[in-house]
1. If I go through the stretch 1-32 residue by residue, how many of them are in a helix (DSSP H, G or I) and open to solvent by 100 Å² or more (accessible area, probe 1.4 Å)?
2. If PHE143 passes every condition in (1) in a helix (DSSP H, G or I); (2) more than 30 Å from GLU43 (Cα to Cα) but one, which one does it miss?
3. Looking at the stretch 117-137 only, could you name the residues that are open to solvent by less than 30 Å² (accessible area, probe 1.4 Å) and part of a strand (DSSP E or B)?
4. So if I check each of LYS114, LYS125, LYS138, which one is assigned by the TED database to the domain that holds LEU69, of a type in the set (Lys, Arg), out of contact with any Pro (no Cβ under 6 Å at 6 or more places or on another chain) and under 19 Å from LEU69 (Cα atoms)?
5. If a residue must be modelled with pLDDT of 80 or more, in a loop (DSSP other than H, G, I, E, B) and surrounded by 15 or more Cβ atoms within 10 Å (Cβ to Cβ), how many such residues does the stretch 66-111 contain?
6. Would you please name the residue that is least open to solvent (accessible area, probe 1.4 Å), looking only at residues in the stretch 152-173 that are more than 21 Å from GLY117 (Cα to Cα) and touching a Phe, Trp or Tyr at 6+ places or on another chain (Cβ under 7 Å)?
Amino acid sequence: MENLTLFTVSLGAGFLSSYYTLLKLKKDKKNLEVKEHAELELEVIAGLQKLKTRAISENPKKASDRYDLLEIALYHDILDITVVNEEGLPIVSTLMDPDDVSGQYSGIFQTINKVIGNVSKASVKSGDEYIYISTIEKNEMPFYIIANSNIEMSPMEEKELQSKVLGILDQYL
């Protein structure tokens, strides 16, 4: 009888310790997966930024370290995106130094708007590249989106680009 009690207690203790060990292993595995997922996500972001800096263009420009607008540019196969105010001052861009692009293309758009009047978007073909300039309004302030692409965008893609840029513009205003 004594041996049976000792066996039962030992068996119960063995089951409990096995159960505790399995729970601990499961928790450690989940923590490791979360950590690996976060590291992988950061690695993908860094890879996308490096890829963007090496995008094929006649005039390669250095990419910005901001990811939100860069993600939109990569999704739409756009080389670079710059959002500027009416004066041509850059608000946000995928380029590290967007001053030349923002001043030049906002000036072109304003000239087109003076000549034709009431223009909401324009596209310019420059060699193998397309430059899309469109107006958006956020908080009753007008902005221009300047997108440089190797491919021609459809009007639906332009509208989608505008809505996505409007979505992230709150972070910068």
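1. First, the residues of the stretch 1-32 that are in a helix (DSSP H, G or I): 2-32.
Among the residues that remain, those that are also open to solvent by 100 Å² or more (accessible area, probe 1.4 Å) are: 2-4, 6-7, 15-16, 19-20, 22, 24-27, 29-30.
Count: 16.
2. Single failed check for PHE143: (1).
3. ALA122, GLU129, ILE131, TYR132, ILE133, SER134, ILE136
4. So the residue among LYS114, LYS125, LYS138 that is assigned by the TED database to the domain that holds LEU69, of a type in the set (Lys, Arg), out of contact with any Pro (no Cβ under 6 Å at 6 or more places or on another chain) and under 19 Å from LEU69 (Cα atoms) is LYS138.
5. 4
6. The selected residue is MET153.
The values are calculated or read from the model by the stated rules, or taken from the named source; none is laboratory data. Remember, predicted model here, so these are calculated numbers, not experimental data. All Cβ positions, even for glycine, are placed from backbone atoms using ideal geometry, and neighbour counts span all protein chains on display. Each accessible area value is taken on the protein alone, full model and side chains, heavy atoms only, with ligands, DNA and RNA left out. Shrake-Rupley method; radii C 1.70, N 1.55, O 1.52, S 1.80 Å.
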